[in-house]
Amino acid sequence: MAGAEMIGKEEIKEVMDVLETGILMRYGFDKERKGIYKVREFEHEFARYCGASYALGVTSGSAALKVALTALDVGPGDEVLVPAFTFLATYEAVLEVGAIPVMVDIDDTLNLDPQEIEKKKTPSTKAVIPVHMCGSAANIDQIVALARKNNLLVLEDNAQGCGASFKGKKLGSFGDMGIFSFDYVKTVTTGEGGMVITDKLDLYHRAEWYHDHGHDHNPQVSRALEGRTILGFNYRMNELQGALGLAQLRKLDYIIAEQQKNKKVIKDALTQIKGVGFRQLPDPQGDSATFLAFNLPEENAAQKFQNLLAAEGVDTVCYKRNLWHYVPNWEHFLARSTANSKKYPFTSPANKRQVEYTRESIPHAENILGRTLVLGISVKMSPEKLDQITKGIKRAAQNM
Ligand SMILES: Cc1ncc(COP(=O)(O)O)c(C=O)c1O
């Protein structure tokens with residue numbers, strides 16, 4: 001994704017501001033830092049950009065998920081609805097807080113199917129995590145409405161959709177909390193990093209305290225004398241990450257506009273091909289356009305087309321066969337393997353039955369992901385590159 005493509009003099013300037021003070025930590029050292037608070041500034045600009053009241057920088061998107069789930073009071077005894085198509089971290093975070101991830105099917109948006117909420121919930125279900133995969137929105141309005149009706153919390157995993165929106169409102173700002181990833185392959189990158197956003201002050205405080213060993217961050221006293229009421233851990237973002245994030249965030253609208261242009265050129269070429277359909281976008285204007293997902297009528301045809309495209313130098317991913325983004329392919333997760341000898345319990349607290357992660361329980365994901373090919377879009381796609389891709393698509397289609 002785009003962030004890494006865009007590293008330039010703006011990032012260097014922001015990072016140099018920090019290096020010139022030598023203060024790499026976001027808290028404390030108030031005299032020595034000479035007014036430089038990059039993480040704080042990044043959080044303020046990020047919250048404003050997303051239309052959220054509060055933002056908290058953390059060490060990664062994975063950490064952001066864990067911090068948010070903890071703030072939302074999700075833990076042992078709780079079940080959480082998670083789509084079958086997501087990066088492994090979404091499931092790991094649920095396990096990390098001691099809760100059980102319950103796999104649900106996707107719809108034609110390739111994201112969590114709202115209809116699954118009432119089908120898969122049990123009396124132990126506490127939250128739902130819609131994931132805006134590949135930078136495009138889930139049917140988030142329906143998901144939030146159904147979650148509210150059923151008294152469930154909503155945590156949006158928007159690790160892949162930074163800057164995308166639905167009907168003018170930024171993704172990540174619909175649920176009780178939203179998270180973002182700034183790892184090296186994301187639309188905004190800080191090398192590693194993440195953000196949690198929310199409109200609720202109590203959730204923000206719980207996240208902020210938890211991510212820094214319970215520190216209450218009272219500006220009136222020195223860090224050593226700060227109060228604490230809860231235990232936490234260390235998921236603090238550092239000043240170098242904050243500096244990078246500031247420079248990158250200011251480029252985000254440009255990034256999305258360029259990607260939308262490039263995506264359109266490729267989509268127009270694919271539209272000419274008989275039998276090709278496209279992923280449903282609940283709001284095409286709000287698409288971050290980091291990926292283009294298109295489909296063929298059958299899995300065999302999709303595989304053949306993928307091979308023909310590869311021969312033309314046009315690489316695509318079929319997520320049904322991907323090792324990291326589709327639950328049925330995670331043999332280590334299914335075996336409940338951990339680094340120590342303790343296995344995660346996959347037993348539903350509600351009915352004491354083993355939670356299953358079978359392909360049969362997610363028929364739509366099995367069908368649509370098998371027929372779908374995903375092509376990465378970047379900011380700097382030259383006219384020559386776009387020409388190579390569109391001509392490659394045309395030639396591949398002729399050989400089908
Ligand atoms: C959907 C999703 N959630 C969470 C994460 C975790 O983010 P990070 O790599 O910053 O830990 C990722 C990263 O790829 C992701 O794609």
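Here, each number is a calculation from the coordinates, and none is a lab measurement. Just so you know, these numbers come straight off a predicted model, no measurement behind them. With ideal geometry, Cβ positions are generated from the backbone for all residues, glycine too; neighbour counts draw on all protein chains shown.
Starting from the Cα gyration tensor of the stretch 183-234, multiply each eigenvalue by 5, take the square root, and state the resulting semi-axes largest first in whole Å. Could the numbers behind the result be given before it?
Values: eigenvalues 128, 37, 21 Å².
Ellipsoid half-lengths, sorted descending, are 25, 14, 10 Å.
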Out of SER337, SER361, SER173, a Gaussian network model of the chain with alpha-carbon springs under 10 Å gives the largest mean-square fluctuation to SER337
Read phi for every residue in the stretch 385-394 and hand back ³J(HN,Hα) as whole Hz from Karplus 6.51 cos²θ - 1.76 cosθ + 1.60, θ = phi - 60°, with x for Gly and Pro. 5, 5, 5, 4, 5, 5, 5, x, 4, 4
Using amide H atoms built in the peptide plane, which far-off residues or other-chain residues are under 5 Å from LYS200 H to H? none
Using modelled backbone amide H atoms (1.01 Å from N, in-plane), which distant-in-sequence or interchain residues come within less than 5 Å of VAL128's amide H? LEU81, LEU153, VAL154, LEU155
So if R0 is 60 Å, what FRET efficiency would THR122 and LYS394 give, r being the distance between their Cβ atoms, rounded to the nearest 0.05? 0.75
Under 5 Å from the placed amide H of VAL355, counting only residues 5+ away or on other chains, we find THR347, SER348
Let me know the shape class of the chain, please: from the alpha-carbon gyration tensor, a ≥ b ≥ c as square roots of the eigenvalues, rounded when a/c is under 1.5, otherwise prolate if a/b is greater than b/c, or oblate. oblate
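Just add up the charged neighbours of ASN218: K/R +1, D/E -1, any other residue whose Cβ is under 11 Å from the Cβ of ASN218.
On the way: positive: ARG223, ARG228; negative: ASP216, GLU226.
Summing Lys and Arg as +1 and Asp and Glu as -1 gives 0.
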Nitroxide proxy distance, nm - points 7 Å out along Cα→Cβ at MET25 and GLU384: 5.0
Springs between alpha-carbon pairs under 10 angstrom, Gaussian network model over the chain: which of ASN238, ASN295, ASN307 fluctuates most? ASN307
Going residue by residue through the stretch 369-376, the Karplus relation 6.51 cos²θ - 1.76 cosθ + 1.60 with θ = phi - 60° gives ³J(HN,Hα) values, rounded to whole Hz and with x marking Gly or Pro, of 5, x, 9, 9, 10, 10, 10, x
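Working out 0.36 nm times the residue gap between GLU45 and ALA224, then minus their Cα-Cα distance, what length gain in nm do you get to one decimal? Can you show the working numbers first?
Details: separation 179, 0.36 × 179 = 64.44 nm, distance 2.79 nm.
Result: 61.6 nm gained on full extension.
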So what's the net charge close to GLY370: Lys and Arg +1, Asp and Glu -1, counting the other residues with Cβ under 9 Å from its Cβ? 0
At a Förster distance of 25 Å, what's the computed FRET efficiency of ARG353 paired with LYS200, Cβ-Cβ distance as r, to 0.05? 0.15
Output wanted: per-residue J couplings in Hz (rounded whole) for the stretch 144-160, from phi through Karplus 6.51 cos²θ - 1.76 cosθ + 1.60, θ = phi - 60°, x for Gly and Pro. 5, 4, 5, 5, 4, 4, 9, 6, 10, 7, 10, 10, 7, 8, 10, 3, 9
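Return the calculated 222 nm mean residue ellipticity for the chain, to the nearest 500 deg cm²/dmol, obtained by summing -39500 (n - 2.57) across DSSP H runs with n ≥ 4 and dividing by the residue count.
Numbers: 13 runs with 144 residues, N = 400.
Calculated from helices alone, the mean residue ellipticity at 222 nm is -11000 deg cm²/dmol.
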